[in-house]
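For reference, the structure is listed below as structure tokens.
The values are calculated or read from the model by the stated rules, or taken from the named source; none is laboratory data. Just so we're clear, the structure is a prediction, and the values are computed from it rather than from any experiment. Note that each Cβ is placed from the backbone with ideal geometry, even for glycine, and that neighbours are counted across all protein chains shown. Accessible surface areas use protein heavy atoms only, side chains included; no ligands, DNA or RNA. Shrake-Rupley method; radii C 1.70, N 1.55, O 1.52, S 1.80 Å.
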Amino acid sequence: LLSLLPAPLTDGAVLTDWRFVPSMQLGGDAFGYYWLDSNTFVFYLVDVSSHGVGSAMHSVTVMNVLRQRALPDVDFTNPAGVLASLNARFQMGAHNGLYFTMWYGVYDTRDRTLTCSSAGHHPAYLVPLDKDAAQPLGPPALMIGVIPEGEYETQRTTMPPGASLFVFSDGVFEIVTAEEQRWGIADFLPLLLEPSVPGASEPDRIYAAVKKAAKPGPFDDDFSLMAVRFP
């Protein structure tokens, strides 16, 4: 899977960095991004149910469909349309009972608008340059593969200059602490607002903070975190 993940983007109208740490068991996390054209940036994260080779292979299959844009008659600038097409194609009854959650976003550099949709996935979080708040983005909807008639909504947001959007899997926040306390997303979100660390990317800084809070040993689930910045 690591060979399928995109290289960080260090210059241009969109900057990206990420941290991916696989769990001891093979997991089903995958993420990617690409320029659809000179003004349109697409990025997404997939989290397949269960663990093991089947989940990992399912996430690779979904990734390849997205990378090759192999969804006939689909407008890839329409997140709801993409999710609906994936839902029709990947029904769990035909894929060994596997379903997946997903977050999908499209950024237009001309007016700095982000259009996004979500399928059973928690929101992504928009953090402005001054880190005064974390705004959830991504309307809730059913995960992909459960029912054929899945319907998805879109949300449009203007990206402030210098803001970052954090897109991540539940393995980032569903940890057990050294004190045997089980975290939820509310325990994790304050980490997004903490000061940057010189010499460390935001994903690396956040991973270090989660690792410090967690009980010793590997995580139970994949840790997948993308930071997408809009200069």
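Surface composition of the range 189-228: carbon and sulfur atoms hold 63% of the protein heavy-atom accessible area at a 1.4 Å probe. Apolar share of the accessible surface for the range 42-137: 51 percent from carbon plus sulfur atoms, 1.4 Å probe. Note on residue 130 and residue 183: with the Förster distance fixed at 25 Å, the Cβ-Cβ geometry gives a FRET efficiency of about 0.45.
Using 0.36 nm per residue and subtracting the Cα-Cα separation, the extra length available between residue 174 and residue 193 on full extension is 5.0 nm. Full extension of the chain between residue 74 and residue 156 gives 27.6 nm of extra length, using 0.36 nm per residue less the Cα-Cα distance.
Simple point charges give the picture: +1 on the Cβ of Lys and Arg, -1 on the Cβ of Asp and Glu, and for the chain a dipole about the Cα centre of about 320 debye.
From helices alone, the chain scores -5500 deg cm²/dmol at 222 nm; the rule is -39500 (n - 2.57) for each run of n ≥ 4 DSSP H residues, then divide by the residue total.
You can think of it this way: the chain between residue 15 and residue 64 has 15.4 nm of extra reach, that is 0.36 nm per residue less the Cα-Cα gap. Could you provide, to the nearest whole Å², the per residue accessible area of the range 1-125 with probe 1.4 Å? Per-residue value: 41 Å². Computed from Cα atoms alone, the Kirkwood hydrodynamic radius reported for the range 66-192 is 16.0 Å.
Here is the result for the range 1-106: no chymotrypsin sites (Phe, Trp or Tyr not before Pro) lie in DSSP coil with at most 14 other C-beta atoms within 10 angstrom of their C-beta.
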